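First the structure, which I've put down as structure tokens, then a few questions once you've had a look.
Computed from the coordinates by the stated procedures, all read-outs in this text should not be read as laboratory data. Predicted, not measured: the structure shown is a model, and the values here were computed from it. Cβ coordinates were reconstructed from backbone atoms using ideal geometry, including for glycine residues, and neighbour counts include every protein chain displayed.
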Amino acid sequence: MGLALLSRPSPYRERWRWPALAAGIVLVANVTPARILDLVPRCPLRSLTGLLCPLCGSTRAIYHLARGEWHSAWNYNALAVLVALAWVAHLAGRSVWGEHWPRVGPRGRRALAIATSVAAAGFFVARNFYSVGGGPAGP
């Protein structure tokens with residue numbers, strides 16, 4: 001019996017772990033008041049320079065996205081909304097198609113990391129110098 005507890009979780013449980021987390025985020029966002037976001041600390045980069053980093057406003061964006069407030073989420077951080085939607089689409093695909101869903105190998109992960117870094121740098125420039133993709137993030 002002790003050995004069974006140490007064994008790897010079943011594929012079914014593994015498949016639904018991340019969608020359950022996403023559902024939990026939606027549930028928590030819908031039962032907590034928006035003023036809870038006042039407890040989120042301000043970005044150090046913004047405090048020092050006044051510039052918005054690519055992650056500024058992402059907590060508030062995900063909170064509003066989980067509540068179904070798309071416009072507010074987009075105004076806080078458009079990049080966070082796009083990444084969250086891509087993540088949910090990936091989770092849905094893996095949950096529905098399981099092993100038939102394409103897996104990303106080491107080269108694909110490296111390419112994804114580079115593309116994400118380039119997108120974050122472009123978003124940093126666009127939101128700070130061209131007022132694109134979300135304004136001031138919080139107090």
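Which of the DSSP-defined H helices in the chain satisfy a minimum axial length of 24 Å, computed from C-alpha atoms, and a minimum mean Kyte-Doolittle hydropathy of 0.0?
Span-like helices here: 11-31, 78-97, 106-129.
Right, another one. If packing is taken as the mean number of other Cβ atoms within 10 Å per residue, what is the order of 21-29, 69-77, highest first? Could the numbers behind the result be given before it?
Values: 21-29: 13.3, 69-77: 18.7.
The most tightly packed comes first, giving 69-77, 21-29.
Please compute the net charge surrounding residue 50, taking Lys and Arg as +1 and Asp and Glu as -1 over other residues with Cβ under 13 Å from its Cβ.
For residues surrounding residue 50, the net value is +3.
Calculated from the structure, log10 I(q)/I(0) by the Debye sum over Cα atoms at q = 0.11, 0.17, 0.18, 0.19 Å⁻¹ equals which of [x] -0.39, -0.91, -1.00, -1.10; [y] -0.34, -0.88, -1.00, -1.14; [z] -0.54, -1.05, -1.11, -1.17?
This structure yields the entry labelled [z].
Be a star and scan region 106-122 for residues whose amide nitrogen sits under 13 Å from the point 7 Å along the Cα-to-Cβ vector of residue 86.
Only 109-122 fall inside the zone, counting backbone N under 13 Å.
Here is a follow-up. Select from region 57-131 those trypsin sites (Lys or Arg not before Pro) which occupy a DSSP coil region and have at most 11 other Cβ atoms within 10 Å, ordered by residue number.
Loop-located and lightly packed - 103.
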